[in-house]
Amino acid sequence: MRKVAVFGNAGGKSALSRRLAEITGLPLYALDIIQFPGGRYGPEVKDGGKIPDDEYLTLHHDILTRDQWIVDGYGSLSSTWERLSVADTLVYIDLPIPAHTGESQSVSPRVCSRIRRAGRRIAPYGRARSMDTR
């Protein structure tokens, strides 16, 4: 695991990415911080303060050419497909909608991600099972 793409719906990606970076020692690149200076969408400025697409794509490509990385976030459609094709590990976060919109307090905030790597699936809490891809 040297090139990790963390993606999915809102909620849990950044926290999981930070924890993976701590555990693995891989450098973490958060696309929200790269695309939006300060890491926040600014509704009062044009395009929310987002950097120009060509600048973002150049920075994104530079990250992907490095030997090791964890990339957290979506970016753009073209950059996502490029990142997913280069990554050796994909982490898909798929929380129920109420868990990331704050609509329900009854939904557990547990991250329900599955890491697919080298023909093995690492389920929540580290239980590993082999994957039958036939």
Evaluation of Phe36 against (1) under 25 Å from Asp88 (Cβ atoms); (2) out of contact with any Leu (no Cβ under 9 Å at 6 or more places or on another chain); (3) of a type in the set (Phe, Trp, Tyr) (one fails), failing number: (1)
Selection from the stretch 65-83 of residues that are surrounded by 13 or more Cβ atoms within 10 Å (Cβ to Cβ), part of a helix (DSSP H, G or I) and either free of Cβ contacts under 8 Å to residues at least 40 places away in the same chain or touching a Leu at 6+ places or on another chain (Cβ under 7 Å) (or both): Ser79, Glu82, Arg83
Number of positions in the stretch 19-45 that are touching a residue at least 12 places away in the same chain (Cβ under 8 Å) and surrounded by fewer than 16 Cβ atoms within 10 Å (Cβ to Cβ): 3
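Using the structure shown, decide if Gly48 is surrounded by 13 or more Cβ atoms within 10 Å (Cβ to Cβ) and at pLDDT below 95.
Values: surrounded by 13 or more Cβ atoms within 10 Å (Cβ to Cβ): no; at pLDDT below 95: yes.
It is false that Gly48 is surrounded by 13 or more Cβ atoms within 10 Å (Cβ to Cβ) and at pLDDT below 95.
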The stretch 46-64, residues that are in contact (Cβ under 8 Å) with a residue 24 or more places away in the chain and polar (S, T, N, Q): none
Residue check for Leu64: within 17 Å of Ala5 (Cβ to Cβ) and either modelled with pLDDT under 55 or out of contact with any Phe, Trp or Tyr (no Cβ under 8 Å at 6 or more places or on another chain) (or both): yes
Total residues in the stretch 22-36, condition closer than 16 Å to Asp54 by Cα and outside any helix (DSSP H, G or I): 1
Hey, Gly38 in contact with a strand residue (DSSP E or B) (Cβ under 6 Å, 6 or more places away or on another chain) and over 25 Å from Asp67 (Cβ atoms) or not: no
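The values are calculated or read from the model by the stated rules, or taken from the named source; none is laboratory data. Being a predicted model, the structure only gives us computed values, none of them experimental. Don't worry about glycine lacking a Cβ; one is built from the backbone with ideal geometry, like all the others, and counts go over all protein chains shown.
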